[in-house]
Every structure is written in structure tokens, then in C-alpha cells.
Amino acid sequence: MKKQAVTAVPNRRTSILVLVYGDHHELARRCLESIFAMDEPECFQLIVGANIPCAETRGFLEESRHKIDHLVLSEVNIYKNPMMNRMLQLAETELVWWFDDDSVVAQPDALRQWLAKVDQSPERTVQWGDIWFVDGSIDVANTPIEDFIRESSWYRGLEPRRGTGGKPRWHFATGGCWMARRSALQLLQWPDPRLVIDFEDLILGEAIRQQGWTIGDIGKLGVRINTETRRWTQSEVDAFRP
């Protein structure tokens, strides 16, 4: 039987960004070891951000330092989005692949799988991931979401989609694991400096839509996302799915 052709991984095409936190040493180790075990580790840049890491996490990161291109440590919790900003400034590649510490690579060829989806996508698709949605009005950075969006530099006048009962519906790639074109993030000046910890994935989805761009819904594709119940219960996860 003829072997199926395998898409080659271009050298250093992707920056993998992993955010670890606090005393969740077991999550940091599990996530990073799954990335270390991927095929062709020389083909991606690895950037790790650590918010107030415990001694065990710090020790593991130091032991693994030869596998990490950039390590960003903060002795105080600066929260997700400010740390994301620091990490993105270090990325040098076409694509960015983001991991929260409770997401994990499940298949060693996961990067190849994601890149194959990127290569099959039109240019206006600028992000890929597992698509969720939320209906209704919420507060983002202590501001009603509609006002937050209208006050954004990337706002282009599009009215929100409508879901159940005519409520606004916000589509987004869940923030636990996603891939994006770095050029798009740069044009959006992402992450928005008003964001600290919550709803950055939802707002990114809307910022992308406002530009006429799209998100590729590729599900989990070789990864497991949002596996830790300290963030989500299963019923909460299910409630966000289209």
C-alpha cells in the first residue's frame, strides 16, 4: 500500500507560547513535557511565561532551560494578557500557537496537523482552534461588551451576530489553545491593553470578525484543551459549544 504523503514542517515557522501559573506544577510539567515530546522540536520556537511560579515549577523550568528559547518570569501575578503581551514581543515566526497550562499535546504530530489546516485555509482566515460561543451582554474590563467593542481601535462598525432570543452572539476560539497569524495579531495590536485576565479569547474573536477575517474551526486536532476543572466544569464547557 502506498504511504500517504506527510506535510513537512518548515523550519521555525511557529512560535509555541505556554503560560504557566503559581503552584500548579503538575500542569506546567504535563503541558511542557507534551510539547517536548512532539515531532521535530527544532522546527518551532518555544516561549514560556511564568506568573508567580512555585519552587517546583521554577526548578522544572530551569532543568528544561535548554529546550526553551525564551523564559519570561514574573515574581508577581501580572495576569494572563499582560504576560501574553510580553511573550508575543519575543515571537519571531509566521504563526503563534498559544497554550494555557491545562491544555496538552495529545499526538506527537499535532503541529503538522495544525499547519496542514493553515495551509488549506484562505488568507483571510487568521486564527484556528476549537470554536465556542456565548450569548448575551457581559461586562469586559468593567465595561459592557458592546461599549468595549465600539471603543476599540479595531472596531469597523459591524453589528453583533444574533443568537437565542435575538441576544448578541459572540463566536471565538477558546483561549486554552489556538493558533494565529502573527501579522494579524500585530495589526490588531493584540492583546488589547485594557484586558487583564478574562474574555480575551471572546474579544479576539470579535476583533477578527470586525476586520472581515475568519477563524478556522478545527476542534481539538491532536490536543486536549481546558482539561483542568479549576477553570471549567464540564457543564460549563458544554454550554459554550455551538
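Data table
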{"item": "Residues Val196 and Arg124, FRET efficiency given R0 of 25 Å [Cβ-Cβ distance, rounded to 0.05]", "result": "0.25"}
{"item": "Exposure proxy ranking, count of Cβ atoms within 10 Å, fewest first, for Trp190, Trp97", "result": "Trp190, Trp97"}
{"item": "Distance between modelled label sites at Glu151 and Cys54, nm, 7 Å Cα→Cβ extension", "result": "3.8"}
{"item": "Peptides 138-144, 170-176 ordered by average Cβ neighbours within 10 Å, highest first", "result": "170-176, 138-144"}
{"item": "Built amide H within the under 5 Å cut-off of Leu46, gap 5+", "result": "Ile16, Asp69, His70"}
{"item": "Point-to-point label distance, Phe36-Ser183, nm (Cα→Cβ direction, 7 Å offset)", "result": "3.5"}
{"item": "Exposure proxy ranking, count of Cβ atoms within 10 Å, fewest first, for Val118, Val20, Val76", "result": "Val76, Val118, Val20"}
{"item": "Under Karplus coefficients 6.51, -1.76 and 1.60, residue-wise ³J(HN,Hα) of segment 112-118 in Hz, glycine/proline x", "result": "4, 4, 5, 5, 4, 5, 4"}
{"item": "Alpha carbon centroid spacing (whole Å) that separates segment 85-110 from segment 192-209", "result": "17"}
{"item": "Nearest-0.05 FRET efficiency for Glu94 and Arg65, computed from C-beta distance (R0 30 Å)", "result": "0.75"}
{"item": "Residues Met179, Met38 arranged by fewest to most Cβ contacts within 10 Å", "result": "Met38, Met179"}
{"item": "Stretchable slack from Leu158 to Ser74, in nm (0.36 nm times residue separation minus alpha-carbon distance)", "result": "26.5 nm"}
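Since every read-out is calculated from the coordinates, none of them should be taken as a lab result. For clarity, every value in this text was computed on a predicted model and none was experimentally measured. Because the Cβ atoms are built from the backbone with ideal geometry, glycine has one as well, and the counts that use them run over all protein chains shown.
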